[in-house]
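One structure below.
The values are calculated or read from the model by the stated rules, or taken from the named source; none is laboratory data. Because the structure is predicted, anything quoted here is derived from the model rather than measured. Cβ sites come from the backbone with ideal geometry, for glycine too, and all protein chains shown count toward neighbours. Note: accessible area is taken over every heavy atom of the protein model, side chains too, but ligands, DNA and RNA are not part of it. Shrake-Rupley method; radii C 1.70, N 1.55, O 1.52, S 1.80 Å.
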Amino acid sequence: MPPNEADQIDYMAEEGYMSDFVDDVDGDENGGGDQNIDDYDMLTKVTDTSSAQARTGKDIQGIPWERLNITRESYRRTRLEQYRNYENIPLSGDAVDKKCKQKSKGGNYYEFFHNTRSVKPTILHFQLRNLVWATSKHDVYLMSNYSIMHWSSLSQNLNEILNFSGHVAPTEKHAGSLLEGFTQTQISTLAVNDDFLVAGGFQGELACKRLDKQGVSFCTRTTYEDNAITNAIEIYKNVSGGMHFMASNNDCGVREYDMEGFQLVNHFRFPWPVNHTSLSPDRKLITVVGDHLDGLLVDSASGKTVATVEGHLDYSFASAWHPDGKIFATGNQDKTCRVWDLRNLSNPVSVLKGNMGAVRSVRFSSDGQFLVVAEPADFVHVYNTNLNYEKRQEIDFFGEISGVSLSPDDETLYIGVWDRTYASLLQFNKRHKYGYLDSFV
């Protein structure tokens, strides 16, 4: 992201919260200010929503439309009309709207299962939305203000894993570790994979934790430059089976660390801030996207650019590889996700246009059957790759999206929703031809 945007911590691309549209609840004047939220919550008795309740007509977020002064359809129209997509390149979204048609709706791949309102997944920076990670179909890690939380949909327990509001310091000694640790760290991005968690901070901080051990294993400041926000982290197994992670930074650097001794293995530099990277399944190529219209394919050993993809009209903040290793996707502020094939990079395989805003995160399912594309707010799209991305399921709700995550077995899709009133964790379960069994196996 451009340097001046790193300062706009509280900026949201749209100002409309659900509570702002509630003028009269039980005769009580409510302008949507924070001081009224608790009263409003109490009046409307907003609770969790189960799949059974949703089937009988309850709103999945528990929004009591029948008691509000606006219908859901009206409010949706208002949101679509008034939403302002954030752009670094002026009118990039308009240009796409003129050229691009949306793919047809009607896919039905994931079914609403539960909305949990005790889980409140927050956002630090409006462009960085990778703050929700599922490590199994029941286990989710997410940011909630200064805390990394673990939610178990099985036990319905919410536990704090790490709190960055005070002092965080490593309990292990590794070369290069910042033994004095950090204080009041603002976490901009997060990644969790297997038993490893890495949190990235607003001033280049990295904190690494093994989930099966107490304490923090490693802390470092990647850079002391002013423009040092950690934009994205990816944790993966390298070719020899060791766990590594890669951090994308606003200082134009991509850094690779091993997770045994937490040593810096590679540091690649680019001409512009790097917003996201993802490593190909064979570990040979890295997609690198950032504050530039083009995306790069980079040799993972040398850091040399081997190919460029052209077509996006704004800056990109998301990327992902299909498990076949030939297809990858990039998500951009021009409101599109573009799907590319390594065998012919001259044109995208498909251009997938959103409803309102930038594509902030993209995820392929482990089996390669689906591509999940998240906008900044209100919409998550699930595309069927077997139908050449021509059909999609549209998941429609209200609120900022703090992250989306598929469980490793693809059975569960979690969506973090941030809103002053209706913050929650949405859970969708994969539909099976025989009907989804609400089993806990």
Quiz item: Stretch D97-D212 to full length: gain in nm at 0.36 nm per residue minus the Cα-Cα span?
Solution: 36.6 nm
Quiz prompt | segment 211-264 - percent relative contact order, Cα under 8 Å, separation 6 or more | solution = 26 percent
Quiz item: Going out from 0 in 10 Å bins, what whole percent of all Cα-Cα distances in segment 341-441 drops into each bin?
Solution: 14, 43, 32, 10, 1
Exercise. Could you tell me what fraction of 2.2 N^0.38 Å the Cα radius of gyration of segment 76-234 comes to, as a two-decimal ratio?
Key: 1.26
Quiz prompt | Per residue value of the accessible surface for segment 79-175 (all protein chains in place, 1.4 Å probe), Å² | solution = 47 Å²
Quiz item: What nm value, rounded to one decimal, do you get for the distance between L342 and H167 when each label is placed 7 Å out toward the C-beta?
Solution: 4.8 nm
Quiz item: Using a simple charge model, +1 on the beta-carbon of Lys and Arg, -1 on the beta-carbon of Asp and Glu, nothing else, what dipole does the chain show about its Cα centre, in debye to the nearest 20?
Solution: 1580 debye
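Sorted by mean Cβ packing within 10 Å, highest first, what order do the peptides 123-130, 142-149, 340-347 take?
With the highest mean Cβ count within 10 Å placed first, the list reads 123-130, 142-149, 340-347.
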Practice problem: For each pair in K58/K120; K209/K335; K99/K304; K304/K335; K391/K430; K105/K137, compute the distance between the two Cα atoms and list the pairs where it is over 24 Å. | Solution: K209/K335; K99/K304; K304/K335; K105/K137
Quiz item: Using alpha carbons only, what's the Rg to Rh ratio of segment 231-325 with Rh from Kirkwood?
Solution: 0.95
Quiz prompt | Of every Cα-Cα pair in the chain, the percent that sits beyond 31 Å | solution = 38 percent
Exercise. Divide, for segment 347-393, the radius of gyration over alpha carbons by 2.2 N^0.38 Å, where N is the residue count.
Key: 1.09
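With the full set of protein chains in place, find how many percent of the accessible area of the chain is carbon and sulfur; take the probe as 1.4 Å.
Summing carbon and sulfur atoms, their accessible area is 48 percent of the total for the chain.
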Exercise. Return the distance in nm (one decimal) between the two label points of a simple spin-label model at R67 and D226, each offset 7 Å from Cα along Cα→Cβ.
Key: 5.0 nm
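Tell me the relative contact order for segment 348-400 as a rounded percent, counting alpha carbon contacts under 8 Å between residues six or more apart. Write out the running numbers ahead of the final one.
Numbers: 89 pairs, mean separation 14.3, N = 53.
Relative CO of segment 348-400 lands at 27 percent.
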Quiz prompt | Förster radius 51 Å - calculated FRET efficiency between R283 and R76 (Cβ-Cβ, nearest 0.05) | solution = 0.75
Quiz prompt | Dipole moment magnitude, nearest 20 debye, segment 342-408 about Cα centre, only Lys, Arg, Asp, Glu C-beta charged | solution = 300 debye
Quiz prompt | Förster radius 56 Å - calculated FRET efficiency between H174 and E390, Cβ distance, rounded to 0.05 | solution = 0.70
Quiz item: Percent relative contact order of segment 104-169, based on C-alpha pairs within less than 8 angstrom and at least six residues apart?
Solution: 20 percent
